[in-house]
Amino acid sequence: MIAAEALAAGLDTPTLCELAGWPRNADARDIRDAFEQALAESGIGLPDRGLARRHALRRMAARLIDGEITPADLATDDWWETEVETAAEQSFVALIPQCDCCIEYTLGLDQRTWAAQLRDAALALTSSPPIGPGC
């Protein structure tokens with residue numbers, strides 16, 4: 001769908017056209033390779049892994065605010081390992097436990113307090129100046 005949306009927005013490359021027709025169950029590595037090729041054809045470079053992770057962290061914070069994910073969902077990935085550069089990023093990441101079992105055992109807060117603090121940190125992160133294009 002991202003490829004189709006990019007085409008509709010006016011980004012047109014041969015690989016992007018091909019990618020837009022691929023099935024949902026296509027191999028993720030093949031999709032990534034084709035997407036990178038389509039970006040290269042358009043003259044768009046991918047950010048380095050650290051910057052991409054920071055962009056993803058900001059999107060994850062927005063999804064939390066919008067109710068698309070729960071606070072516990074953040075503990076299912078390694079978000080707590082994200083290298084951050086701003087105070088807003090640090091405040092948000094500091095509240096993300098390493099795993100979902102850590103929510104109960106290591107946070108030192110009751111779940112409601114933690115969820116409220118996480119939401120406040122997410123609001124601060126999404127309200128902070130963007131780190132660059134794409135955010």
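Hey, among Ala62, Ala34, which residue is surrounded by 14 or more Cβ atoms within 10 Å (Cβ to Cβ), without any contact (Cβ under 8 Å) to a residue 24 or more places away in the chain and touching a Ser or Thr at 6+ places or on another chain (Cβ under 9 Å)?
Result: Ala34 is the single residue among Ala62, Ala34 that is surrounded by 14 or more Cβ atoms within 10 Å (Cβ to Cβ), without any contact (Cβ under 8 Å) to a residue 24 or more places away in the chain and touching a Ser or Thr at 6+ places or on another chain (Cβ under 9 Å).
Taking the criterion of being more than 30 Å from Met1 (Cα to Cα) and open to solvent by 60 Å² or more (accessible area, probe 1.4 Å), would at least one residue in region 67-89 satisfy it?
The answer is yes, given that some residue of region 67-89 is more than 30 Å from Met1 (Cα to Cα) and open to solvent by 60 Å² or more (accessible area, probe 1.4 Å).
Are any of the residues in region 76-83 without any contact (Cβ under 8 Å) to a residue 60 or more places away in the chain and in contact with a Gly (Cβ under 7 Å, 6 or more places away or on another chain)?
Within region 76-83, the subset without any contact (Cβ under 8 Å) to a residue 60 or more places away in the chain is 76-83.
Cutting the leftovers down to in contact with a Gly (Cβ under 7 Å, 6 or more places away or on another chain) gives us 83.
Within region 76-83, one or more residues are without any contact (Cβ under 8 Å) to a residue 60 or more places away in the chain and in contact with a Gly (Cβ under 7 Å, 6 or more places away or on another chain).
Exactly one condition in (1) part of a loop (DSSP other than H, G, I, E, B); (2) in contact with a Phe, Trp or Tyr (Cβ under 8 Å, 6 or more places away or on another chain); (3) of a type outside the set (D, E, K, R) is false for Leu57; which is it?
Here Leu57 meets the rest and fails (1).
Taking the residues in region 43-59 that are more than 11 Å from the chain's Cα centre (by Cα) and open to solvent by 40 Å² or more (accessible area, probe 1.4 Å) as candidates, determine which candidate is modelled with the lowest pLDDT. I'd like the intermediate steps shown before the answer.
Narrowing region 43-59 to residues more than 11 Å from the chain's Cα centre (by Cα): 43-50.
Adding the requirement that they be open to solvent by 40 Å² or more (accessible area, probe 1.4 Å) leaves 43-49.
Working: Gly43: 90, Ile44: 86, Gly45: 83, Leu46: 81, Pro47: 78, Asp48: 85, Arg49: 84.
Residue satisfying both the conditions and the ranking: Pro47.
Across region 10-27, what is the total count of residues that are of a type in the set (Gly, Ala, Ser) and open to solvent by less than 30 Å² (accessible area, probe 1.4 Å)? Break it down stepwise before answering.
Going residue by residue through region 10-27, those that are of a type in the set (Gly, Ala, Ser) are 10, 20-21, 26.
Remaining after also requiring open to solvent by less than 30 Å² (accessible area, probe 1.4 Å): 26.
Number of matching residues: 1.
The values are calculated or read from the model by the stated rules, or taken from the named source; none is laboratory data. These numbers come from a predicted model, not from an experiment. So basically every Cβ, Gly included, is an ideal-geometry build from the backbone, and we count neighbours across all protein chains shown. Side chains included, ligands, DNA and RNA excluded: accessible areas come from the protein's heavy atoms. Shrake-Rupley method; radii C 1.70, N 1.55, O 1.52, S 1.80 Å.
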